[in-house]
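The structure appears right after this line, and notes come after that.
The values are calculated or read from the model by the stated rules, or taken from the named source; none is laboratory data. Since the structure is predicted, the reported quantities are computational estimates derived from the model, not experimental observations. Virtual Cβ from ideal backbone geometry, glycine too; neighbours counted across all protein chains shown.
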Amino acid sequence: MPRKTPKATPSKSSLAKSGSPLLEDLRQLIEHARNRVARQVNTDLVMLNWHIGVRIRRDILQEQRAEYGQQIIDALALELSMEYGRAFERSALFRMVQFAEAFPDEQIVATLSQQLGWSHFRELLPIEDEVKRTFYAEMCRIESWSVRALKDKIRRMLFERTAIAKKPDDVAKQELALLRERGELSPDLVFRDPYLLDFLGLSAAYDEKDVENAILRELEQFLLELGTDFSFVARQKRLSIDGDDYYIDLLFFHRRLRRLVVVELKLGRFKAEHKGQLELYLRWLDKHERREGEESPIGLILCAGKSSEQIELLSLDASGIRVAEYVTEMLPKPVLAAKLHQAIQHAREHLSGSEHRLIETEDC
């Protein structure tokens, strides 16, 4: 009987060279399973640490601060670390208690743990202000920041540079609740002031064209400073109105806000006439470029300086316009912190005064 010749099986190298669909499909299955397992392990670890913190607070600390009952926690840490390793040493247990104090709602923790790892939460725990901590947690969740990105956002004082930091706590909490529950991102959470453009590497003397060229050269970094949902659309976009040509410096689209965003660069201080120019651009875009399902375009004027009173009098928000300063050299953190604290205080005082005047009007 003639001997059958066995079929040749493809070698590993021949499969790789041929770009085998089977090989690619199996790779995707394996990677998908690994990622799913890693996410589940991360969620389980976060929830474990939260439950440990809750139990220690309830059963030992009696809902008091972590300094209470240190001796009992020391004894717990000794037993647990001997059995389960360094992850349950004294400092780790105190961190879990802090975690339960800072994030008391189990459902919120469960939702955040789908995107944030324990390392993310460790960066958030030192933030004492509840609104600030919630802001970083929710923005980290929806924009999928790495731990490194989160640390950088905190270092560069992102929260203090957003409009939501300038609002009363109860208003800010309402906006953050909408972000958490519905995924609704407001312009107050997106835009910031000032924008830190120290990565552009501009020399001491520069003009608006230099800034624009530097932004395009460092577009990736600029988009990171703007926020992860921004997409670049055009530079020097031409608008033709009554036979005259106008040019938009930079045009972006924000995916979550679902609207075009005009960015106009001004070398000097903000001037009142800048409003009319940008309003013209926005109305033209709304008429000719806005697509079905999109919101009305909005604008951002980036300038070297501004007057808060002038901006208040012009009621720019009603026109869909934001004005922000840009900084081309990173200020020392104490200087930046003082500058932002002053801006936040001024904005809150203005809002408080507006509410007071409104109440007086209603009483009349």
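Computed values, structure above
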| read-out | value |
| --- | --- |
| Yes/no for Arg290 being in the same structural domain as Arg217 (by TED's automatic domain parsing), in contact (Cβ under 8 Å) with a residue 60 or more places away in the chain and surrounded by 12 or more Cβ atoms within 10 Å (Cβ to Cβ) | no |
| Entirely in region 55-119, the helices (runs of 4 or more DSSP H) that have 3 or more residues that are surrounded by 13 or more Cβ atoms within 10 Å (Cβ to Cβ) and at pLDDT below 90 | 70-84 |
| Spans of strands (runs of 3 or more DSSP E) in region 222-270 with at least 1 residues surrounded by fewer than 15 Cβ atoms within 10 Å (Cβ to Cβ) | 230-241, 244-254 |
| Some residue of region 145-165 being in contact (Cβ under 8 Å) with a residue 60 or more places away in the chain and either farther than 22 Å from Leu196 by Cβ or among the hydroxyl-bearing types (Ser, Thr, Tyr) (or both) | no |
| Residue that is farthest from Ser144 (Cα to Cα), among those in region 67-125 that are touching a residue at least 40 places away in the same chain (Cβ under 8 Å) and among the hydroxyl-bearing types (Ser, Thr, Tyr) | Thr111 |
| Contacts under 7 angstrom Cβ, first residue in region 319-348 being of a type in the set (Lys, Arg), partner surrounded by fewer than 16 Cβ atoms within 10 Å (Cβ to Cβ), 6 or more apart | Arg348/Pro168 |
| Residue within region 333-347 that is of a type in the set (A, V, I, L, M, F, W, C), within 22 Å of Phe199 (Cβ to Cβ) and outside any helix (DSSP H, G or I) present | no |
| The lone exception for Asp169 - which of (1) under 24 Å from Phe252 (Cα atoms); (2) not assigned by TED's automatic domain parsing to the domain that holds His254 it fails | (1) |
| Whichever residue in region 271-291 is more than 23 Å from Lys209 (Cβ to Cβ) and not in a helix (DSSP H, G or I) and, among such residues, is modelled with the lowest pLDDT | Ala272 |
| Matching residues in region 113-143 - criterion: being under 21 Å from Arg256 (Cα atoms) and either assigned by TED's automatic domain parsing to the domain that holds Gln62 or over 14 Å from the mean Cα position of the chain (by Cα) (or both) | Gln114 |
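Okay, residues lined up against (1) of a type in the set (Lys, Arg); (2) out of contact with any helix residue (DSSP H, G or I) (no Cβ under 6 Å at 6 or more places or on another chain); (3) not assigned by TED's automatic domain parsing to the domain that holds Arg161:
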site: Arg269; (1), (2), (3): yes, yes, yes
site: Arg283; (1), (2), (3): yes, yes, yes
site: Glu294; (1), (2), (3): no, yes, yes
site: Ser307; (1), (2), (3): no, yes, yes
site: Ser319; (1), (2), (3): no, no, yes
site: Arg322; (1), (2), (3): yes, yes, yes
